[in-house]
Amino acid sequence: MTLKAVVTGCGAYLPEHVLTNVDLAKKVDTSDEWIRERTGIRERRIAGPGERTSDLAVNAARAAMRAADVNPADIDLIIVATTTPDLTFPATAAIVQAKLGVLQGAAFDIQAVCTGFIYALATAEKFLVSGQHRRALVIGAETFSRILDWSDRATCVLFGDGAGAFVVEAIPEEAAGERGVIASYLRTDGSLVDLLYVDGGVSSTGQVGHVRMQGNKVFREAIERISEAMTTVSRQAGISPTEIDWFVPHQANERIIQGVVKKLDLRPDQVVSTIAGQGNTSAASIPLAYCQGVADGRIKKGDLVMIEGMGGGLTWGAALLRA
Ligand code: UT7
């Protein structure tokens, strides 16, 4: 029996506290105008003092399970893409599993920074179509505010906290029809670690560290590599990128998104952009944007959706799915 991995529900969660550009301009030498013009960001959400990545993940996961009409007893795989885990170990996915009351299956984290959700979805798809697992929660969740250097205006204005989740189910091809994950493409170039990294860690400094980024160098890499990934998955699927219904990108910079739109001849109205209100939520940004598109009625069952990500590593990748 041929199985397909179908997204049957998605859920989003954003912390309550809103940090605006104007608020930030009181802390560092920046302005609302600079941040909006260079990035498209107006405000971002910041997790409360007691709020952990697993709490954000659990809220998004519960919303996704409601949307898919499943309960914890139905889930046998949890993959959390995060760069900001609750603890050094165990995996945040294990903590999420316990908080959700899921008593069966496996749970693990994936670390590919802003590309994490693409890696997590591609991994889940392989487990599901092989028949090893039946129903997965694929979650992108971050408290990125905890690894920012709040005195570095070049990075602290860019990021926010949040979580998004998909329920992905193994469904026989006859029942799934055209729906499901169609293709995915993952890349890493570890020679570019220095462009975007955190200057601490368990086996180096013993401290958590802060985000360091050569922003303009990352920017120069981004459009090229994202377009390459999208072109590759389109080729695997036998379509042209212009045939997609919706483009749900990682939300790092509105200028990067528009650069990709231009390079691949997409239409601006095909883009689901959440960057203005959320900033860059790293692994959470793709499912958060996807959920926004579903919630406001743009992404409908059967639509062809392209998702992509790029981040520290460098890592980059894309996936094509029929909703
Ligand atoms: O999700 C992971 C992947 N991350 C990305 O894709 C981020 C990619 N990079 C970017 O989005 C952009 O490079 C940034 C938004 C980070 C920066 O924009 P930019 O147009 O590349 O600016 P820049 O780094 O070349 O800096 C231009 C100027 C500099 O001043 P001087 O040297 O020209 O006097 C910076 O010091 O802007 C200055 N600057 C700021 N000014 C006001 C940098 N950050 C700020 C700021 N407010 N927050």
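Cα centroids of the stretch 146-183 and the stretch 236-308: 11 Å apart. Pairs of alpha carbons in the stretch 3-176 separated by more than 26 Å make up 34% of all such pairs. Taking 37, 51 and ordering them by how much accessible surface each has at a 1.4 Å probe, largest first, produces 37, 51. Stokes-Einstein diffusion for the stretch 43-85, with the hydrodynamic radius set to the Kirkwood value over Cα pairs and evaluated at 37 °C in a medium of 0.692 mPa s, equals 273 µm²/s. Taking θ as phi - 60° and the Karplus parameters 6.51, -1.76 and 1.60, the scalar couplings of the stretch 44-55 work out to 8, 9, 10, 4, x, x, x, 8, 9, 4, 5, 5 Hz in sequence order, x denoting glycine and proline.
The dipole here belongs to the chain: it is taken about the Cα centre, uses +1 on the Cβ of Lys and Arg and -1 on the Cβ of Asp and Glu, and is about 120 debye. Taking all protein chains as present, what is the carbon and sulfur share of the accessible area of the chain, in % to the nearest whole number, probe 1.4 Å? Heavy-atom surface of the chain belonging to carbon and sulfur, 1.4 Å probe: 50 percent.
Taking 101, 50, 309 in turn, the Gaussian network model of the chain (Cα-Cα springs below 10 Å) assigns the largest fluctuation to 50. In a Gaussian network model over the chain where Cα atoms closer than 10 Å are linked, find which of 216, 59, 280 has the largest mean-square fluctuation. Highest fluctuation among the options: 216. DSSP beta bridges fully contained in the chain are about 70 percent antiparallel. Here the contact order of the stretch 3-176, divided by its residue count and restricted to Cα pairs under 8 Å and six or more residues apart, works out to 36 percent.
Mean-square fluctuations from a GNM of the chain, with a 10 angstrom spring cutoff on Cα atoms, peak among 138, 248, 22 at 22. Against the compact-protein benchmark of 2.2 N^0.38 Å, the Cα-based radius of gyration of the stretch 143-208 scales to 1.77.
Translational diffusion coefficient of the chain at 4 °C, 1.567 mPa s, Stokes-Einstein with Kirkwood Rh over Cα pairs, in µm²/s as a whole number. Rounded to a whole number, D works out at 67 µm²/s. Straight-line cross-link reach from residue 126 at under 17 Å between alpha-carbon atoms covers these lysines, not counting any fewer than eight positions away in the same chain: 4. The Cα trace of the stretch 107-218 gives Rg and Dmax of 17.5, 55 Å, the first to one decimal, the second as a whole number.
Over all other residues within a Cβ to Cβ distance under 12 Å of residue 20, the charged ones net out to +3, with Lys and Arg as +1 and Asp and Glu as -1. For the stretch 3-176, a simple Cβ point-charge model (Lys and Arg +1, Asp and Glu -1, everything else neutral) yields a dipole of about 80 debye relative to the Cα centre.
Counting Lys and Arg as +1 and Asp and Glu as -1 over every other residue whose Cβ lies under 9 Å from the Cβ of residue 155, the net charge comes to 0. Candidate cross-link partners of residue 217 among the lysines, defined by an alpha-carbon separation under 26 Å and a same-chain spacing of 8 or more, comprise 27, 262, 263.
Candidates 286, 271, 318 compared by Cα position along the dipole of the stretch 180-322: farthest toward the positive end lies 271, with charges placed on Cβ. Taking all protein chains together and rolling a 1.4 Å probe, residue 322 ends up with roughly 60 Å² accessible. Each Cα pair under 8 Å and six or more residues apart adds its separation to the average, and for the chain the resulting relative contact order is 26 percent.
The values are calculated or read from the model by the stated rules, or taken from the named source; none is laboratory data. Everything numeric in this text was worked out from a predicted model, so none of it was measured. With ideal geometry, Cβ positions are generated from the backbone for all residues, glycine too; neighbour counts draw on all protein chains shown. Note: areas computed on protein heavy atoms with side chains; ligands, DNA, RNA excluded. Shrake-Rupley method; radii C 1.70, N 1.55, O 1.52, S 1.80 Å.
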